[in-house]
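Only one structure is covered here, and it is reproduced in the block below.
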Amino acid sequence: MSDLDRFFATCLFEIDNCSDLSSIDAVRMAIFGKNGKITEIMKSLKNMTPREKREFGEKINNIKEKVRARLQEKTRTLELDDMEKKLSSEFVDVFMPARPYSPGLVHPLSKTEEEISGVLASYGFRFADGPEIESEYMNFTALNMPDHHPARTMHDTFYMKIPADKDGCKLLRTHTSPVQVRAMLQHKPPLRFFSIGRVFRNDYDATHTPMFSQIEGLMVDIDVGFAHLKWFMSDILKQFFAIPNLALRFRTSFFPFTEPSVEVDINYEIKNGKVVFGTGDKWMEIGGAGVVHPTVLEHGNVDAAKYQGIAFGFGLERLATLKYGVPDLRGYFESDDRWRKSFGFSFFA
Amino acid sequence: MRFTFNWLKNHLSTELSIEQVSKRLTSIGIEVENFSDPDTLFKNFKLARIVQVQNHPNADKLKLCSVIDSSGKTYQIVCGAPNVAPGLTAVLAMPGAIIPYSGVVLKKSKIRGIESEGMMCSHKELALPSEENDSIIDLGPNVDLSESVGNALGLDGGIIDVSITPNRGDCLSVKGIARDLAAAGVGEFLPCSNVSCPSSFEFPITINYENSDGCKKYAPVMAFRVIRGIDNSTAIAKIKNIFMALGQKSISPIVDLANLFMMDCGRPLHVYDLNKIEGEIAVRFANPKEEFIDLSGNKHQLLQDMMVSADNKSVLCLLGIMGSQKVACDKYTTDILLESALFDPIFISRTGAVLNLTSDSRSRFERGVDRDSCFSELENATKLILDFCGGTASNIIVLGKHPDVQDNVTITKSKLRSISGCDLDWNESRQILKKLGLRETSSSDETATFLIPSWRCDLSIEEDLVEEVLRISGYDNVVEKKFDTWVVTDDEILNKKRHIFTTKKLLAAKGLSEVISYSFIKAEHASIFDESGSLVQLLNPINTDMGVMRSSLIPNLIVAAIRSLHYGQLHVEIFEIGNVFCGDCSQNLNIAGLRAGVTHERSWAQPSRVVDLFDAKSDLLVVLDHFGIDEKNVTLKLDAPSYYHPSRSGVMWSGKRKLGYFGELHPKINKLFGIAEKLICFEFLRPDIEVASRETPYNSKVFPKIARDFAFLFKASDSVGSLLNDIYKLDAKIIRADIFDCFEINCAEKSIGLSIVMEAADRTLTEEEAQEVSEKVINYVKGVGGKLRGK
């Protein structure tokens, strides 16, 4: 082993033996300092031949580079050790509670409205709006419920304390169906519309609230009939509930504004005390539908000889209840904190 | 409407079970709400007669009864009912029976040490309507013990409860329901044989239309008959039992029979006690303000367009709706006048609606009863009464005549196809209509014309016939058909709704929760929050707390907040998006939020504070920003509505458009609602505005920004927040201006820390330029009354 080799080995040994940053500084000085070992070694250079000088120089430079790298590496390791030691003393009790954070919640009816809107819009149905304070004409007469039609008494109507005009009394609309007529009066067929909004009936008990919300749909075209209605109802409900094998049942019913009129049921069964849709042979009512009565088309300025319409309606609360398990209709409008925490939706949902 | 299965079978011969029939009824549009099958219900029940009653050795109130069943077997039963006595016929539940009321399965058990081999049941235990609570059922001494329990109780094969849609007046009768079922393939319809009862004496009183033409318009035909010598005091056990099982009140034999008859064939009859009629009877319009006292003793004031029958003294009957108390039958009634008539549906409906009088008779007449059967039904009713109550009948007298109506409706194959959307068999379709009682008067391969039967008032157009075909053949036969979807990209209303959805999410992200509340509120609250001075009132509200359409969303938010605070919440953050209403009935969408209490629960990490108007200001600005309105373009005024605190509230404007309010509510509101916590609210009045897109140009080059802080002295009462908007206008290089500090030095002065950040889009600003901008700011602030501190 030459002197240089021994020197190299000694340097590495000293570096590796350092246990803190101050001792590594001392080692650095001892090797590279003004009066350090390198300077000492370089002194021997002056007695050498040029060839020896070149060989020795090359060798010492190589050693210097390797020692520097070792020093750097050791320094970084010691620095990290030092930081870890310091950090471990910076104790914070992470089990302490976080800073207060309480995001608000979106009402389940808004969530349901957004979802069903998206489904209907995807078929090319446009949103149509109508006023909540309607005329007697729009709410009843235009929908084939003339004065003293027995069906009017099925709707417990709220009337406004305002004198009647040519369109009769002002009232709180009892259903969203007047929007059908408004949409037909505003647009030429073929047309596809839906509406979602509040409706009002003078009925207040365990299963009724005087205000609730309906979803209404109307399609008027040259070739559209009950067969299309059947497909459409089935398709939108499958999408809304995200149940591809949901079965539907159509039962005869009566609405003055459709002919024929049906009530629509979806299938379910009770599994482990829970209602599961899309399986089983029990039926739950979900909405009404039918082929638009020619009188209603005429009130909407649509040529009933040329066009036909299909229409349907659902209760928004019912859809929300069935999809999200909200138990009691009244809860929707009572603004109760606990109810909201159970059934409200995070804004990301 | 409720009826028994065996009653239905009087009109329909079928082998199907009550369950099968019920399913079919629902599918053809006669919705069965409930049905009970007595064979299932009363499995393990039997009839038994008490033969001996002894005291229970270990209990004063209990008895030991020996009872015997139809096979002669005796059982020992422990019973506590007060009415146990030898000879009583009871309904005996045997071990294994499920008690209808409780759903409990009965077991053999020892009661106070003595074994009871079964239980004698009360009406309540069998879930049957009854006025007696403790007593066990006594079916009387004449019941055959081998009879089924269901029959002995009058359940008569089971009870079916249906709801009838308003178009089907003909199905407000068991006969009508049977006819529909037969058409739907459930057995065969059994038509009634028409009877005629011979007259034993001459019709004894005078009845006339007073104004013949007018009366005939609304009461085209009326038939009358007198029956004398009836017994109205002896209850008819069979009818009483059926009525009890149906939950229908039994009144007197004659009234019960008339009701039974109406339920059976759909024709309401009116029965007058003949001996209470004074003089002649006139069928006429009511006199102005004429008084009518109905069956229940309620007084009504009649209008001139209502029709009555009246004797020389008073109104006897409000035609088609209800009789008067005066001529009502009671147990002493022996002679009756029977009326069978036809009335105009709209006329009946209007009269009933105006007087707010409902009756079984009204609900049938306003839906339409068979217009051709006044006489034949009067004959059938007479027979029923003579059979059950005895007596003899007079001849029939008739006012007016049956209307001569021939309704023909044509159905085309093409309409059948276009409405159904599929190809239904033409012959089968016509067959269905025929089975429903429509008579085909002509037909071809493409069209068929039918005569509408007199009982189907609801069939008048081609679509009605198509519905009948579909209803009976079933919607399952219609094969689904797809239609193409349309691609719609310009639905502005939907885009607007979507923007509202995202606004809800934004507010939720800001910590506010959504509520949805009633659109009508208390008048007292509404008027305080009304700016327009005109509110819309409801004519017939649920109660006065819901009497007026709201013109602001705030009152309901306050009510909700109070509820939360009472419940122990320390802080409330809620919002609602909904319509508010003006006096002219127009509606506007509003967005409103309310905060009350502290910012958050006490926390070690962050002090909480009571919320203030600046929280609401920030809420409103976030909403405005979401609608594309930059704070820099908003002007603030101080004239918020009177329900806001006069000096802690503001109004935001954009040009001439009032955007909304924010601030603390006036303490008078706290007082009115009885709430101590400050109420911090905002209202955005214009969600209808077009959402502006953001127009901040993007500069990819970056140059150093220069920041300068200033401290100014102002009078304590100076308003300084609005300086910021003006400072932006001083120089385009100012990209941010903020007040970072504000404190009062003494009562007279306050110090304001103002920070300015400047930047040029195309170069590094020089020190001189920065100085120039700073001077502009200083000079401007001086101009509005600020003093630069330290100078």
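The values are calculated or read from the model by the stated rules, or taken from the named source; none is laboratory data. Remember, predicted model here, so these are calculated numbers, not experimental data. We place every Cβ from the backbone using ideal geometry, glycine too, and count neighbours over all the protein chains shown.
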Being surrounded by fewer than 19 Cβ atoms within 10 Å (Cβ to Cβ), of a type outside the set (D, E, K, R) and assigned to a strand (DSSP E or B) narrows it down to one of B:34, B:10, so name that one. B:34
Can you give me the number of residues within segment B:589-617 that are surrounded by fewer than 19 Cβ atoms within 10 Å (Cβ to Cβ), in contact (Cβ under 8 Å) with a residue 40 or more places away in the chain and outside any loop (DSSP other than H, G, I, E, B)? 2
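Which strands (runs of 3 or more DSSP E) does segment B:653-768 wholly contain that include 3 or more residues that are free of Cβ contacts under 8 Å to residues at least 40 places away in the same chain and either surrounded by 14 or more Cβ atoms within 10 Å (Cβ to Cβ) or among the charged types (D, E, K, R) (or both)?
B:657-665, B:734-744
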Could you tell me whether segment A:220-234 includes any residue that is buried (at least 18 other Cβ atoms within 10 Å of the Cβ) and more than 22 Å from residue B:417 (Cβ to Cβ)? no
Could you check, for segment B:506-516, whether at least one of its residues is in a helix (DSSP H, G or I), at the interface with chain A (Cβ under 9 Å from one of its Cβ atoms), surrounded by fewer than 22 Cβ atoms within 10 Å (Cβ to Cβ) and small (Gly, Ala, Ser)? yes
Restricting attention to segment A:101-109, does a residue exist that is touching a residue at least 60 places away in the same chain (Cβ under 8 Å), more than 9 Å from chain B (Cβ to nearest Cβ) and under 30 Å from residue B:572 (Cα atoms)? yes
Check A:291, A:264 and return the single one that is facing another protein chain (nearest Cβ under 9 Å), buried (at least 20 other Cβ atoms within 10 Å of the Cβ) and assigned to a strand (DSSP E or B). A:291
Would you please name the residue that is surrounded by the fewest Cβ atoms within 10 Å (Cβ to Cβ), looking only at residues in segment B:193-210 that are among the hydroxyl-bearing types (Ser, Thr, Tyr) and closer than 21 Å to residue B:278 by Cβ? B:206
Any chance segment B:200-216 includes a residue that's under 30 Å from residue B:439 (Cα atoms) and outside the structural domain of residue B:18 (by TED's automatic domain parsing)? yes
Hey, which of the strands (runs of 3 or more DSSP E) in segment B:140-244, taking only ones fully inside, have at least 2 residues that are of a type in the set (Lys, Arg)? B:221-228
So, of the residues in segment B:520-546 that are of a type in the set (A, V, I, L, M) and facing chain A (nearest Cβ under 8 Å), which turns out to be nearest to residue A:172 (Cα to Cα)? B:538
Looking across segment B:37-51 at residues that are of a type in the set (A, V, I, L, M, F, W, C) and not in a strand (DSSP E or B), the single one that is farthest from residue B:138 (Cα to Cα) is B:41
Among the residues in segment B:454-467, are any part of a loop (DSSP other than H, G, I, E, B), in contact (Cβ under 8 Å) with a residue 60 or more places away in the chain, within 26 Å of residue B:264 (Cα to Cα) and at the interface with another protein chain (Cβ under 10 Å from one of its Cβ atoms)? yes
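One line per residue, one yes/no per condition, for (1) touching a strand residue (DSSP E or B) at 6+ places or on another chain (Cβ under 9 Å); (2) more than 14 Å from chain A (Cβ to nearest Cβ):
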position: B:587; (1), (2): yes, no
position: B:606; (1), (2): no, no
position: B:610; (1), (2): yes, yes
position: B:624; (1), (2): yes, yes
position: B:642; (1), (2): no, yes
position: B:658; (1), (2): yes, yes
position: B:672; (1), (2): no, yes
position: B:678; (1), (2): yes, yes
position: B:694; (1), (2): no, yes
Note: among A:259, A:216, just one is assigned to a strand (DSSP E or B) and closer than 27 Å to residue B:162 by Cα, namely A:259
Hey, among the residues in segment A:110-127 that are facing chain B (nearest Cβ under 7 Å) and within 13 Å of the chain's Cα centre (by Cα), which one's surrounded by the fewest Cβ atoms within 10 Å (Cβ to Cβ)? A:114
Mind listing whichever residues of segment B:547-583 are assigned to a helix (DSSP H, G or I) and within 7 Å of chain A (Cβ to nearest Cβ)? B:560, B:563, B:564
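Take residue B:484 and decide whether it is more than 32 Å from the chain's Cα centre (by Cα) and at the interface with chain A (Cβ under 7 Å from one of its Cβ atoms). Before you say what the answer is, go through the steps one by one.
Numbers: more than 32 Å from the chain's Cα centre (by Cα): yes; at the interface with chain A (Cβ under 7 Å from one of its Cβ atoms): no.
Judged against the criteria, residue B:484 is not a match.
Kindly indicate which of B:411, B:432, B:419 is of a type in the set (A, V, I, L, M) and touching a residue at least 60 places away in the same chain (Cβ under 8 Å).
Residue meeting the stated conditions: B:432.
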Just to verify a result, which residue in segment A:140-156, among those that are surrounded by 20 or more Cβ atoms within 10 Å (Cβ to Cβ), in contact with a Ser or Thr (Cβ under 9 Å, 6 or more places away or on another chain) and touching a residue at least 40 places away in the same chain (Cβ under 8 Å), is farthest from the other protein chains (Cβ to nearest Cβ)? A:142
Single residue of segment A:316-328 satisfying the filter (within 17 Å of residue A:287 (Cα to Cα) and surrounded by 19 or more Cβ atoms within 10 Å (Cβ to Cβ)) that is farthest from the other protein chains (Cβ to nearest Cβ): A:322
Filter segment B:346-378 down to residues that are at pLDDT 90 or above, out of contact with any strand residue (DSSP E or B) (no Cβ under 6 Å at 6 or more places or on another chain), surrounded by 19 or more Cβ atoms within 10 Å (Cβ to Cβ) and away from chain A (no Cβ under 14 Å), then give me how many there are. 1
Output the residues belonging to segment A:19-52 that are β-branched (Val, Ile, Thr) and surrounded by fewer than 12 Cβ atoms within 10 Å (Cβ to Cβ). A:49
Look through segment B:17-31, keep the residues that are in a loop (DSSP other than H, G, I, E, B) and of a type in the set (Gly, Ala, Ser), and return whichever of them is nearest to the other protein chains (Cβ to nearest Cβ). B:29
Given the conditions (1) aliphatic (A, V, I, L, M); (2) in the same structural domain as residue B:120 (by TED's automatic domain parsing); (3) farther than 17 Å from residue B:115 by Cβ, report the number of the one that residue B:18 does not fulfil. (2)
